[in-house]
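The values are calculated or read from the model by the stated rules, or taken from the named source; none is laboratory data. Keep in mind that this is a model prediction, so the values were computed, not measured. Here the Cβ is made from the backbone with ideal geometry for all residues, glycine too, and neighbour counts use every protein chain on show.
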Amino acid sequence: VRRSARAVGGAEQAARYVAASAPVATAAVPFELPPGVAPEDGLQVNTIRVARALSVLFPEVTTIGGYRQDPLKWHPNGLAIDVMIPNHGSEKGIELGNQIAGFALANAKRWGVIHVIWRQGFYPGVGAPSWTADYGNETANHFDHVHIATNGGGYPTGDEQYFI
């Protein structure tokens, strides 16, 4: 998919493909989100909101990573999650990843999404998409997971309620 997208228009073509398979932005719904599959320790509130929403909306996802040490700021500062895609190399897995990436981007303003990385595509919340470098393996190139970074919104105090 990566090569064919580059051959027919590059990152912008890939962005259209991701967007075409994604649901539209959700309407504000007074539905409190329960804790999802992501461990929330170390995550900031907007990152928690995204993780909880995706856990509810995409129940086939059983693993979402969050806080971890990393040389970049996103995970150590609770600003990013990694949504692991079941059967990520299959047509169904790629479609699921496209839907999750597109859904996060469609809700970027409401959820504070700064960028999404999926299948070597870098999709800012606002602006033109681009390609990432080849980092040598499926995980580093984001072929097995969708990376979603937020603006954080601060660390939880314990009194938060999370809504879609």
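Just so you know, in region 53-96 the residues that are among the acidic types (Asp, Glu) and either at pLDDT 95 or above or surrounded by 14 or more Cβ atoms within 10 Å (Cβ to Cβ) (or both) include one that is nearest to the chain's Cα centre (by Cα), and it is Asp82.
Report yes if Ala104 is crowded, with 19+ Cβ neighbours inside 10 Å, within 21 Å of Tyr67 (Cβ to Cβ), aliphatic (A, V, I, L, M) and modelled with pLDDT of 95 or more, otherwise no.
On the way: crowded, with 19+ Cβ neighbours inside 10 Å: yes; within 21 Å of Tyr67 (Cβ to Cβ): yes; aliphatic (A, V, I, L, M): yes; modelled with pLDDT of 95 or more: yes.
Against the criterion (crowded, with 19+ Cβ neighbours inside 10 Å, within 21 Å of Tyr67 (Cβ to Cβ), aliphatic (A, V, I, L, M) and modelled with pLDDT of 95 or more), Ala104 qualifies.
If only one of Gly112, Gly154 is exposed (fewer than 15 other Cβ atoms within 10 Å of the Cβ), more than 17 Å from Gly65 (Cβ to Cβ) and touching a residue at least 12 places away in the same chain (Cβ under 8 Å), which one is it? Walk me through how you get there before you give the answer.
Values: Gly112 fails: exposed (fewer than 15 other Cβ atoms within 10 Å of the Cβ).
Of Gly112, Gly154, the one residue that is exposed (fewer than 15 other Cβ atoms within 10 Å of the Cβ), more than 17 Å from Gly65 (Cβ to Cβ) and touching a residue at least 12 places away in the same chain (Cβ under 8 Å) is Gly154.
Of all residues in region 95-130, those being closer than 11 Å to Val50 by Cβ, assigned to a loop (DSSP other than H, G, I, E, B) and touching a Ser or Thr at 6+ places or on another chain (Cβ under 6 Å) number 1.
Of all the numbered requirements in (1) over 24 Å from Pro30 (Cα atoms); (2) surrounded by 15 or more Cβ atoms within 10 Å (Cβ to Cβ); (3) more than 11 Å from the chain's Cα centre (by Cα), Ile164 misses one, and that requirement is (1).
Checked against (1) without any contact (Cβ under 8 Å) to a residue 60 or more places away in the chain; (2) at negative phi, Asn87 meets all criteria but (2). Could you tell me whether region 125-146 includes any residue that is crowded, with 18+ Cβ neighbours inside 10 Å and of a type in the set (Val, Ile, Thr)? Looking through region 125-146, at least one residue is crowded, with 18+ Cβ neighbours inside 10 Å and of a type in the set (Val, Ile, Thr).
Among the residues of region 131-164, the ones that are out of contact with any Gly (no Cβ under 7 Å at 6 or more places or on another chain), modelled with pLDDT of 95 or more and part of a strand (DSSP E or B) come to 4 in all.
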